[in-house]
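Okay, structure first, notes after.
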Amino acid sequence: MTHKHLLFIFFITIISCERETCYSCKSYELATYNQDLNDYEEEFEMCEFDGIWDRVNWIDDEAIQGATLSFIDFDEYTIGFRAIENNDLDGDGIDNWEDDDFDGDSIPNNNDIINDLLANQTIQELIVCSENGK
Ligand SMILES: [Ca+2]
Ligand SMILES: [Ca+2]
Ligand SMILES: [Ca+2]
């Protein structure tokens, strides 16, 4: 290994020490969440400079005081909303792109009027994050 290599590794180490804050997050479908934080859809890690971080509409506690989220401890959690694409409109476990009846009414897509699905194309999610290591 040359000196250059060592220097390079040294800088990488420095840079990775200055990482942004990362959070471990859980998502909840707004339509079905039942105020039980253990009953989540998905668990994932998110960091502040991630692309996905900016897609979340983060809220602060003052904005929703006394609202339906009052069961969440804002000192402990960072809360936001996001809309994600619904990849399985009828929820039968077959993704839309390979589902030949994606609204699940037994009429094949090519014979079906599916306008009423437009409202379901996105899923509104509640995102609840806590800082890693806390
Ligand atoms: Ca489906
Ligand atoms: Ca289907
Ligand atoms: Ca159909």
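The values are calculated or read from the model by the stated rules, or taken from the named source; none is laboratory data. Every value quoted in this text rests on a predicted model; they were computed, and no experiment measured them. A quick note on method: Cβ atoms are made from the backbone with ideal geometry, for glycine too, and the neighbour counts reach across all protein chains shown.
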Evaluate segment 105-119: report whether one residue or more is at pLDDT 85 or above and in contact with a Leu (Cβ under 9 Å, 6 or more places away or on another chain). no
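Which of the residues spanning segment 74-104 are more than 9 Å from ligand 1 (Cβ to nearest atom), farther than 25 Å from residue 24 by Cβ and modelled with pLDDT of 90 or more?
Residues of segment 74-104 more than 9 Å from ligand 1 (Cβ to nearest atom): 74-86, 97, 100.
Adding the requirement that they be farther than 25 Å from residue 24 by Cβ leaves 97, 100.
Of everything in segment 74-104, just one residue is more than 9 Å from ligand 1 (Cβ to nearest atom), farther than 25 Å from residue 24 by Cβ and modelled with pLDDT of 90 or more, namely 100.
Taking the stated definitions as given, is residue 68 part of a loop (DSSP other than H, G, I, E, B) and modelled with pLDDT under 90?
On the way: part of a loop (DSSP other than H, G, I, E, B): yes; modelled with pLDDT under 90: yes.
Spelling it out, residue 68 is indeed part of a loop (DSSP other than H, G, I, E, B) and modelled with pLDDT under 90.
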Tally of residues being closer than 12 Å to residue 126 by Cβ and either without any contact (Cβ under 8 Å) to a residue 24 or more places away in the chain or surrounded by 14 or more Cβ atoms within 10 Å (Cβ to Cβ) (or both) across segment 38-61: 7
